[in-house]
Amino acid sequence: MTSFNTEIRSELNFRIVVDSPSKIPTRFKSFPTVTSAQYLSSEYADRKRLKIVNLCSHRKALSTSYYVSLLAEARNHRCLPEAKTLHQIESKLLIRDAVGDLEELFQSSFKRLTTSQFTLSVYFGKNLAKSYDKLAKRLYALFPCPLVQYQFLKVDGKWKLKEINQLGLHQTPDEHHEFIADQLEAMLHKRWRRDQPSKTYRYEIAILVNAQEANAPSDEAALAKFCKAANQLDMRAEIISPRDLPRLMEFDALFLRETTRLDNHTMRFALKAERSGMVVIDDPESIRRCCNKVYLAELLRAKNIPTPTSTLITKRNLHEISPGFSYPLVVKIPDGSFSIGVHKVKSEPELLSLCKDLLNTSSVLIAQEFVPTDFDWRIGVIDGVPLYACRYYMSKGHWQIYNHAVKGADSSGDSAGVPIDQVPPVVIETAIKAAALIGNGFYGVDIKQSGDVALVIEVNDNPSIDAGIEDELIGDELYLAIMGTFLKRLEAKRDR
């Protein structure tokens, strides 16, 4: 049996924090132990150079164990585990994201087990059985907690990690105490190396991206350029996923790079960011106004912004108004994007048949005059200022930019950047006016030019930015301008 070397106790300046004096197993009496109540008191508030090993139990959010680790961070004490680790093991979504690369290791580690449930105990990165050393080490690297139980279930022939529990020292089996004490003493005798501090930035920006989205607003190359531009402005941008809502408060700002909808997590992210006082582009109000084409059509009409002639269709008025239409015309569902839910009909019977189906899913449709053009203008506007201009050409042999009926290169048309000063003034002026009706966010205004008139088709929040397309002419300046808007708003918020 080993015992802690008391001669180096003061030199190492360690404290082992446990739940209560009565819960210190005999084997650990020789270690420099304090209770959570003692550590949380002011007695330890001003101690310097302390290293804390938190062996309190953590079974729920905001537990005593969590506050031990949290105060250790505030007091500049090095602590195992850190508060962020305890927060991570509370969330099934965060756990699932973290262990995604370990699926094969789970299967190979447990292939000889005949049960459908298994509990793996990992103490300071090791298990009593050497056969699990590799898995224990990998899990400890992801979740550096001293005393952990990993609950595994076999579902449909595959082992899955169900739950993680940080154990209190008193919750470990008596027969494990000698092993735990050996690992603890070995760790205390090692030199604790503080991680090299990463560069600190003025602000942290979360960029929401959904890797599963087929028509994402930005490709990987563009996302990398956004991150690079943020760094150049002394900010750090991090790509986050829809599962990262619990982490949102770690950031100062949110940039939505996933197609927004009123009824999914993109709106929840925007709302949470706005309510928390974060800078968010685009804001919930912009999403509401842009995501519904019915609202947008009525807004543009009411403010005298030129648009193709439009009419709202419902089940009640369909048969009354259809004879007055000129064909072909375009029928849209209110919440479509990337040309999805947009149809061209050539006759009244075709209109009636289409609307019969569409009105089963949407109570209101938009019928709009068909204005044939070789291309649509897209004017990118941020903070009321035109940022870039593109011509989006119709896909080959099709009347829209996107042709979802085909695959490959012919599914979308070509594009061409145009210098802002070479865009017809009426197009720029109309785009600025239309964007101003939505807000001061980041919008893509789609316009068809018919002679001397610029007709607004729609205003998009969260418009596409793909490398080599929207940035064709101004390159990295496009990303710097958008990140610069975040910086300007964050600085203004700080100065208020």
Suppose we filter segment 92-123 for residues that are more than 27 Å from Pro246 (Cβ to Cβ), part of a loop (DSSP other than H, G, I, E, B) and not charged (D, E, K, R); how many remain? 5
Would you check which residues across segment 339-358 are over 19 Å from Leu312 (Cβ atoms) and touching a residue at least 24 places away in the same chain (Cβ under 8 Å) and list them? Ser339, Ile340
Filter segment 20-53 for residues that are in contact (Cβ under 8 Å) with a residue 60 or more places away in the chain and in a strand (DSSP E or B); which is nearest to His170 (Cα to Cα)? Val53
Which listed residue, of Leu490, Leu473, Leu455, is in the same structural domain as Gln232 (by TED's automatic domain parsing) and either farther than 26 Å from Arg202 by Cα or touching a Phe, Trp or Tyr at 6+ places or on another chain (Cβ under 7 Å) (or both): Leu490
Residue set Ala270, Ala222; condition among the small types (Gly, Ala, Ser) and free of Cβ contacts under 8 Å to residues at least 24 places away in the same chain; output residue Ala270
Could you tell me whether segment 449-457 includes any residue that is touching a residue at least 60 places away in the same chain (Cβ under 8 Å), outside any strand (DSSP E or B) and not polar (S, T, N, Q)? no
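The values are calculated or read from the model by the stated rules, or taken from the named source; none is laboratory data. Not measured: the values here are computed from a predicted model. Every residue, glycine among them, receives a Cβ derived from its backbone with ideal geometry; neighbour counts consider all protein chains shown.
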